[in-house]
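Colleague: Mind having a look at this structure? Questions to follow.
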Amino acid sequence: MIIIAPNIAIDEKEIKEEFIRASGPGGQNVNKVATAVQLKFDVANSSSLPHGVRQRLIRIAGKRMTAEGILIIDARRYRTQGQNRRDALERMGALIRLAAERPKPRKKTRPSMAAKKRRMEGKRRRSETKKMRRRVSPAYE
């Protein structure tokens, strides 16, 4: 079990790992050893995630989520499989923790009377400034 948050733990059987060849640093080793990790987690069918967290995770994940509801995380930052695997799991955990936080409900607010007066006074001053920049009509010359 991978513990993500106090109320969220994911069974390791739900996560599929695939090792692929990575580009980037590694010298000749990069052509021989599959060090990059592609982590796949079926969010849509996971029994480990509460419904609200699942919905927020699907919305937050963006392009990392497939149409079938599978979260795919590529990790190729390091030269070793172990480090990339750890990195992928940490990134997945961070994403799930972010989805586990409930967004604060927005409270409707109204501008105060003083704020409205300040705004109108600013608009009046700006209007006066622009009036002063206008050309003088020929009748007044």
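The values are calculated or read from the model by the stated rules, or taken from the named source; none is laboratory data. In this text, all values refer to a predicted model and were calculated from it rather than measured experimentally. Cβ coordinates were reconstructed from backbone atoms using ideal geometry, including for glycine residues, and neighbour counts include every protein chain displayed.
Colleague: Return the residue satisfying two criteria in turn: it lies in the stretch 1-26 and is within 14 Å of residue 77 (Cα to Cα) and of a type outside the set (S, T, N, Q), and of such residues it is modelled with the highest pLDDT.
Modeller: Kept after step one, since they are within 14 Å of residue 77 (Cα to Cα), are these residues of the stretch 1-26: 19-26.
Applying the additional criterion that residues be of a type outside the set (S, T, N, Q) yields 19-22, 24-26.
Values: 19: 81, 20: 78, 21: 75, 22: 69, 24: 61, 25: 60, 26: 60.
Ranking the qualifying residues of the stretch 1-26, first place goes to 19.
Colleague: Return only the number of the condition from (1) modelled with pLDDT under 85; (2) over 26 Å from the mean Cα position of the chain (by Cα); (3) of a type in the set (Asp, Glu) that residue 121 does not satisfy.
Modeller: (1)
Colleague: Let me confirm something: among 59, 135, 102, 54, which residue is over 30 Å from residue 35 (Cα atoms) and either touching a helix residue (DSSP H, G or I) at 6+ places or on another chain (Cβ under 9 Å) or modelled with pLDDT of 90 or more (or both)?
Modeller: 102
Colleague: Kindly provide the set of residues from the stretch 74-94 that are surrounded by 14 or more Cβ atoms within 10 Å (Cβ to Cβ), farther than 17 Å from residue 21 by Cβ and aliphatic (A, V, I, L, M), ordered by number.
Modeller: Pass one, the stretch 74-94, residues surrounded by 14 or more Cβ atoms within 10 Å (Cβ to Cβ): 74-79, 81, 83-89, 91-93.
Remaining after also requiring farther than 17 Å from residue 21 by Cβ: 86, 89, 91-93.
Correct list: 89, 92.
Colleague: With respect to residue 117, determine if the residue is surrounded by 10 or more Cβ atoms within 10 Å (Cβ to Cβ) and not hydroxyl-bearing (Ser, Thr, Tyr). Break it down stepwise before answering.
Modeller: Details: surrounded by 10 or more Cβ atoms within 10 Å (Cβ to Cβ): yes; not hydroxyl-bearing (Ser, Thr, Tyr): yes.
Yes; evaluated as a whole, the condition is true for this residue.
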